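Written out below as structure tokens is the structure these notes cover.
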Amino acid sequence: MSHIDRWVVQAALTAIASGAPHLPNGRTCSINLSAQTIGDEDFLEFVVDVLDHTGVLPEKICFELPESAVVSQFDQAQRFISVLHGIGCRFALDDFGSGIGSFANLKHLALDYLKIDGMYTRDLVQDSVNREMVAAMIKLARTLDFQVVAEQVEDQASFDALRALGVDFVQGYIIEKPRPLQSVH
């Protein structure tokens, strides 16, 4: 997985450096990293080198780290986040709520975004438990000064419910279906 993540980082930063896709001011390109990569001690240096060689501004990049990897490899994740956040990269904790132990470590990480796992955002209108859990996650995120992203938002009713709860961003088919990088303008 580390080799795949290296390829993705290299390809994404090379594409951004060439102007495709164009990232307007204040926008970032999010790159999901696998749990295995967090434990790769050479990956941090690789990312810094690619940023240097491509000339992409660090603030244009947001790395998404799976909650499970941050919890299981906390020291490595904290170092990775700390160094890259220190030079301007942004970070999102992906799939938040999918594991145990996240709450205890959140205040020790330099995160920008909390991404609420899709298992909580599906059927939000009909499921009062999910709605209350999402509201609690948003309240926690606000206390920690994180912005909130809701994953797997597929319909207008869920979008409207999440907007009413105060989510900052949504991700899912309601916005757009995935497509090849070459077709992104």
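In this structure, does D117 turn out to be free of Cβ contacts under 8 Å to residues at least 60 places away in the same chain and in contact with a Ser or Thr (Cβ under 7 Å, 6 or more places away or on another chain)?
Numbers: free of Cβ contacts under 8 Å to residues at least 60 places away in the same chain: yes; in contact with a Ser or Thr (Cβ under 7 Å, 6 or more places away or on another chain): yes.
Yes: the conditions hold for D117.
Take S68 and tell me if it is in a helix (DSSP H, G or I), out of contact with any strand residue (DSSP E or B) (no Cβ under 9 Å at 6 or more places or on another chain) and of a type in the set (G, A, S).
On the way: in a helix (DSSP H, G or I): yes; out of contact with any strand residue (DSSP E or B) (no Cβ under 9 Å at 6 or more places or on another chain): no; of a type in the set (G, A, S): yes.
Here the answer is no, as S68 does not meet what is asked.
Could you figure out which of (1) surrounded by fewer than 16 Cβ atoms within 10 Å (Cβ to Cβ); (2) touching a Phe, Trp or Tyr at 6+ places or on another chain (Cβ under 6 Å) isn't true of A135?
Unmet condition: (2).
Looking at the stretch 73-185, what helices (runs of 4 or more DSSP H) fall wholly within it and have at least 2 residues that are β-branched (V, I, T) and either in contact with a Leu (Cβ under 8 Å, 6 or more places away or on another chain) or modelled with pLDDT of 95 or more (or both)?
On the way: elements: 74-86, 102-106, 118-121, 128-143, 156-165.
It comes to 74-86, 128-143.
The values are calculated or read from the model by the stated rules, or taken from the named source; none is laboratory data. It should be emphasised that the depicted structure is a prediction, and the values quoted were computed from it without experimental measurement. Glycine gets a Cβ as well: all are built from the backbone with ideal geometry, and neighbour counts include every protein chain shown.
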